[in-house]
Amino acid sequence: MDTTGTITSFSSTPMTRFSIGGDVYGVQDASTSYSLTNPDSQTLRFQVQQGDHAWYDSSSVDRSEVSAAANIPGGTPLNLNYQFMVEANGPNGSFTNTADGWFIVGQMHNDDNASGVGTSPPFAIQLVGDHLQVVARYVQPGQDPSNGAGNVQMLTLWTDPNPIQTGVYNNIQIQADVSNTGGGYLQVSINGTQVVNYSGPLGYGQGTNWEYGVYRSTAPETVAVDYRNMTLLTGAAATVTSPSTPTQPTTPTTPTTPTTVTSPTTIVAPAVAQDTTSPAAAIAAPAATVTTADPSVLGAMGAMGAMGAMGMAPTSASGWSTPAAGASPAGLDPTGFGFDTSTLATAAPQTTDWSGYQGTPAASQASSSFALLNQYLAGSSGGANGGMIAVAMSGSAWTQNSLLAKPQS
């Protein structure tokens with residue numbers, strides 16, 4: 001439980017780990033000098049240029065993220081607080097974002113290992129152009145949460161009518177309970193003003209893990225975002241009163257990959273609503289059935305890579321093993337990720353030539369592709385940021401692990 005936000009044992013090398021307030025996070029980036037930096041003990045800076053992606057991604061995405069190593073069980077209250085800033089990259093100190101698929105700057109990722117399929121995040125903070133937006137997703141209990149199944153309901157809960165200011169930290173507070181069997185809710189406040197107050201089904205009935213950083217469909221402009229004072233409480237310490245007046249989404253977001261979604265036969269209509277002020281509390285009316293918009297998983301994985309537009313990522317949080325107390329970056333045990341350390345040079349960047357195992361999740365995933373997916377990390381029950389790729393390596397430190405396609409997530 002992170003109560004301090006203090007960053008220790010920092011490392012920017014892909015597949016290594018460090019701590020934020022004692023919580024372990026795994027690194028997923030392009031292994032460049034600028035991908036992930038640690039300006040001070042409370043701050044992380046993420047940057048992507050076109051073509052920057054993690055070792056498991058396709059060239060259609062740009063990514064620099066860290067993913068919590070521990071899953072939060074479904075139905076567990078959580079309270080997440082951090083400060084977030086975008087750096088100017090446009091004319092006259094403006095922010096430019098031309099990504100035409102998705103641009104995620106914070107996501108609660110599903111435990112795809114437990115679901116058995118790749119999914120999009122149950123909720124996420126994202127940018128549409130230069131406007132912040134909050135989205136959420138769910139399926140009814142027992143339904144297939146993969147995007148191709150047509151069961152996912154996506155809700156656009158809030159879009160800031162004003163462009164985001166560059167060089168200014170925004171205070172973000174998220175209180176939630178990711179449950180689709182009753183008691184689910186999501187409350188988001190920005191700079192002290194509540195912009196989302198949703199009560200209803202949330203997620204896919206599995207555990208989740210939080211991810212900081214940038215994940216977008218590839219775009220030409222360089223972008224950098226900063227996070228500081230990051231804390232995360234769960235369970236009794238994070239308990240909040242479930243909202244009594246839920247917000248209501250407006251017209252659902254148009255799917256990145258247009259797909260007709262079959263509405264579940266018994267959907268509990270979430271009461272959510274779009275807030276039109278910047279930022280302000282929202283009150284809402286019953287929501288209409290919405291279509292699935294899953295920017296995260298656009299293609300199948302592994303051998304199905306030719307079908308996809310996105311990459312795969314570690315599918316569950318627990319795939320990152322916990323570092324030894326007091327460990328320094330140099331002391332992080334790479335075998336916790338299930339790879340042969342003899343293949344890595346001490347100062348060399350992680351290899352990104354995993355072409356034989358790269359792939360992307362598609363709107364519909366062929367069952368044969370899942371034959372390539374195994375447990376990414378030995379003894380894990382969850383994953384890090386996204387779906388994982390199936391990799392069989394030699395050496396006693398390797399196990400053939402299943403890697404499920406990740407959404408954007």
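Potential lengthening of the chain between THR98 and ASN229 amounts to 44.3 nm, from the contour at 0.36 nm per residue minus the alpha-carbon distance. Using the Cβ-Cβ distance between ALA88 and SER60 with R0 = 30 Å, the FRET efficiency computed as 1/(1 + (r/R0)^6) comes to roughly 0.70. Please work out the C-alpha center-to-center distance from region 164-194 to region 82-127 and express it in whole Å. Spelled out, the Cα-based centre of one part sits 14 Å from the other. Take GLU87: with every protein chain present and a 1.4 Å probe, its accessible area is about 50 Å². Remark: spin-label model distance THR181-GLN50 equals 4.7 nm, labels positioned 7 Å along the Cα→Cβ axis. Size check on region 1-94: the Cα extents along the three principal axes, sorted descending, read 41, 33, 28 Å.
The values are calculated or read from the model by the stated rules, or taken from the named source; none is laboratory data. This one's a predicted model, so the numbers in the text were calculated from it and none came from an experiment. Neighbour counts are summed over all protein chains in view; Cβ atoms, including those assigned to glycine, are modelled from backbone coordinates with ideal geometry. Only protein heavy atoms, including side chains, enter the accessible area calculation; ligands, DNA and RNA are left aside. Shrake-Rupley method; radii C 1.70, N 1.55, O 1.52, S 1.80 Å.
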